[in-house]
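Input: a single structure, listed below in structure tokens.
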């Protein structure tokens with residue numbers, strides 16, 4: 001949001017705090033909620049999962065400082081996270097929070113989930129029978145025939161997608177809707193008034209912080225957390241077992257790595273993920289970037305977010 005205060009909308013915008021993992025999004029969101037009498041909506045897809053606390057750096061009750069948080073601990077590890085379901089839940093929560101005279105603050109680094117909540121973005125449905133048939137074709141013949149099918153009906157998506165799972169999704173959408181998957185790609189148009197604050201980081205300091213954070217997770221019992229979740233069915237899930245740290249420490253349980261190796265692999269993967277997040281968010285010109293270590297960060301962010309609700 002830009003311009004003087006008299007140009008701000010009558011209904012204050014949704015606030016979104018975005019940026020790479022480890023940059024302090026959760027802390028800033030809590031401070032803004034205290035400033036604006038707000039409530040926080042989680043937009044980190046791995047923090048949806050019950051029991052995945054240490055490895056996702058999930059904000060603790062004490063760290064929430066009495067601020068209500070939504071969409072934490074809403075799935076079992078065997079369930080699949082759905083960006084479409086999240087969109088519906090997040091928008092309903094935003095409406096409810098604003099209707100109660102409070103301010104909705106979205107916080108998280110899962111870029112597509114943030115855009116699902118904020119942007120005009122349509123999600124086509126799914127069909128388990130189509131999905132199973134395409135997965136069977138993949139199993140029988142590999143990805144090449146599926147890619148050729150996609151090239152015939154949606155060359156734009158075929159040129160963008162390299163992952164077999166996403167190729168299957170694109171073909172499923174075409175069969176269901178008759179429209180190419182690429183036609184559902186979002187434009188940068190807000191669904192309702194919003195302001196996005198990005199936490200700009202010193203990349204070398206972030207690298208060091210992420211390494212320390214992983215070692216702290218190990219000291220806090222990450223391996224035991226993974227062990228408990230494995231018993232609860234972690235490997236049966238489609239989304240949860242791919243989470244940073246969990247995939248690496250499952251290998252420790254299998255005897256394929258030791259704790260030190262798993263920690264180092266997690267550090268590397270986390271740093272790579274942070275770079276991808278920065279690339280994603282830097283591509284959005286609507287985000288206002290502020291220094292993550294600025295002592296006036298909360299005040300500067302609050303000034304950009306407009307007045308509270310009347």
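Annotation note: of 239, 216, the sole residue that is at pLDDT below 95, out of contact with any strand residue (DSSP E or B) (no Cβ under 6 Å at 6 or more places or on another chain) and under 21 Å from residue 49 (Cβ atoms) is 239. Exactly one residue among 43, 16, 92 is within 25 Å of residue 232 (Cβ to Cβ) and either without any contact (Cβ under 8 Å) to a residue 40 or more places away in the chain or crowded, with 18+ Cβ neighbours inside 10 Å (or both), and that residue is 43. Just so you know, in segment 7-52 the residues that are more than 23 Å from residue 112 (Cβ to Cβ) and in a loop (DSSP other than H, G, I, E, B) include one that is nearest to the chain's Cα centre (by Cα), and it is 51. Return yes or no: is residue 101 in contact with a strand residue (DSSP E or B) (Cβ under 9 Å, 6 or more places away or on another chain), at pLDDT below 95 and assigned by TED's automatic domain parsing to the domain that holds residue 33? So residue 101 does not fit the description; no.
Among the candidates 62, 90, 95, the residue that is in a helix (DSSP H, G or I) and farther than 19 Å from residue 114 by Cα is uniquely 62. Somewhere in segment 61-84, is a residue free of Cβ contacts under 8 Å to residues at least 12 places away in the same chain and closer than 22 Å to residue 221 by Cβ? Among the residues of segment 61-84, at least one is free of Cβ contacts under 8 Å to residues at least 12 places away in the same chain and closer than 22 Å to residue 221 by Cβ, which makes the answer yes. Contact map, segment 273-300: residues that are under 18 Å from residue 189 (Cβ atoms) paired with residues that are assigned to a loop (DSSP other than H, G, I, E, B) and modelled with pLDDT of 95 or more, Cβ distance under 7 Å, separation 6+ or inter-chain. Pairs shown: 281/19. Please go through segment 169-215 and pick out each residue that is part of a loop (DSSP other than H, G, I, E, B), under 21 Å from the mean Cα position of the chain (by Cα) and farther than 30 Å from residue 11 by Cβ. Hit for segment 169-215 is 201, nothing else. Take the conditions without any contact (Cβ under 8 Å) to a residue 12 or more places away in the chain and either in contact with a strand residue (DSSP E or B) (Cβ under 9 Å, 6 or more places away or on another chain) or surrounded by fewer than 19 Cβ atoms within 10 Å (Cβ to Cβ) (or both) and apply them to residue 107. Does it pass? Criteria not met by residue 107. Among the conditions (1) in contact (Cβ under 8 Å) with a residue 40 or more places away in the chain; (2) surrounded by fewer than 21 Cβ atoms within 10 Å (Cβ to Cβ); (3) farther than 30 Å from residue 73 by Cβ, the only one that residue 180 does not satisfy is (1). Has segment 47-57 got at least one residue that is out of contact with any strand residue (DSSP E or B) (no Cβ under 6 Å at 6 or more places or on another chain), more than 25 Å from residue 224 (Cβ to Cβ) and buried (at least 23 other Cβ atoms within 10 Å of the Cβ)? Among the residues of segment 47-57, not one is out of contact with any strand residue (DSSP E or B) (no Cβ under 6 Å at 6 or more places or on another chain), more than 25 Å from residue 224 (Cβ to Cβ) and buried (at least 23 other Cβ atoms within 10 Å of the Cβ), which makes the answer no.
The values are calculated or read from the model by the stated rules, or taken from the named source; none is laboratory data. Model, not experiment: these values are computed from the prediction. We place every Cβ from the backbone using ideal geometry, glycine too, and count neighbours over all the protein chains shown.
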